[in-house]
Amino acid sequence: MVDMLMQLIGLIFSILLLAKASGILIKSVTNIAAHKKWSEFVVSFLLAAATSFPELAVCVTAALSDDSALALGNIIGSNIANTTLVVGLIAVAGANIRVTVREKKQDSLYAAVITLLPLVLLIDGTISRIDGLILLASYIFYISRLYILRSDNTHKLEKPKRPLSTYVIHF
């Protein structure tokens with residue numbers, strides 16, 4: 001009973017710590033973007049990349065340990081969680097999610113195809129280095145396409161008072 005209570009306290013503490021760390025991450029990336037006069041796209045891309053680092057670490061560790069099932073399960077599970085759990089919670093908490101602009105609908109279609117691409121490449125039973133290069137190329141293509149379409153260089157953020165290096169260290 002005491003062990004279970006300690007685990008529950010540890011879980012609650014970890015959730016609170018994660019919430020605080022995510023707040024620091026968002027503030028630091030936003031302030032970096034304000035210093036550099038980056039668009040909202042660049043800010044959201046950096047946040048997405050930062051939140052993917054734990055999955056990347058698990059996958060690299062699993063691949064080096066020759067545990068490909070763990071790496072693949074982590075990738076597929078992360079995609080499922082992001083596209084169902086996260087979007088579902090956002091829709092429940094913030095009402096409807098409307099996509100009205102044609103370009104955003106196209107972005108969603110590209111994202112769906114790229115999300116399914118690993119499963120298509122897995123039809124033969126393996127993800128080879130060639131498949132990995134295809135996945136990396138599709139990612140670079142998608143991000144480049146988004147950057148070209150969305151880089152209007154408009155920024156609405158005021159330049160922060162602290163030096164840029166402070167926010168880079170926080171990030």
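The values are calculated or read from the model by the stated rules, or taken from the named source; none is laboratory data. Remember, it's a predicted structure, so these values are computed and weren't measured experimentally. Glycine gets a Cβ as well: all are built from the backbone with ideal geometry, and neighbour counts include every protein chain shown. Please note that ligands, DNA and RNA were not included when accessible areas were found on the heavy atoms of the full protein model with its side chains. Shrake-Rupley method; radii C 1.70, N 1.55, O 1.52, S 1.80 Å.
Here are some notes:
- Radius of gyration and maximum dimension Dmax of the chain, Cα, Å: 19.1, 57
- When the chain is treated as a GNM with alpha-carbon contacts under 10 Å, the residue of S52, S28, S65 showing the greatest mean-square fluctuation is S65.
- Scoring 20-27, 84-91, 41-48 by mean Cβ neighbours within 10 Å over their residues and listing the highest first yields 41-48, 20-27, 84-91.
- Extended-chain gain in nm, criterion 0.36 nm per residue less alpha-carbon gap, A112 and A137: 7.4 nm
- Here the simple spin-label model places points 7 Å from the Cα toward Cβ, and for E55 and L5 these points are separated by 3.8 nm.
- Each residue of the range 51-59 was assigned a 3J(HN,Hα) from its phi angle through the Karplus curve 6.51 cos²θ - 1.76 cosθ + 1.60 (θ = phi - 60°); the sequence is 6, 8, 4, x, 5, 4, 4, 4, 5 Hz, with glycine and proline shown as x.
- 30 Å Cα cut-off, lysine pairs counted over the chain (separation 8 or more, or different chains): 25
- Under the Karplus curve 6.51 cos²θ - 1.76 cosθ + 1.60, θ = phi - 60°, whole-Hz ³J(HN,Hα) for the range 79-86, x wherever Gly or Pro sits: 4, 5, 4, 5, 7, 10, 5, 5
- Extension gain from K161 to T84, taking 0.36 nm per residue of separation minus the Cα-Cα distance: 23.9 nm
- Taking the protein heavy atoms of the chain in the context of the full set of protein chains, the accessible area attributed to carbon and sulfur is 70 percent at 1.4 Å.
- Solvent-accessible heavy-atom area per residue, rounded to whole Å², over the range 1-65 at 1.4 Å: 71 Å²
- Of F53, F13, F141, the one that fluctuates the most in a GNM where the chain has Cα springs shorter than 10 Å: F13
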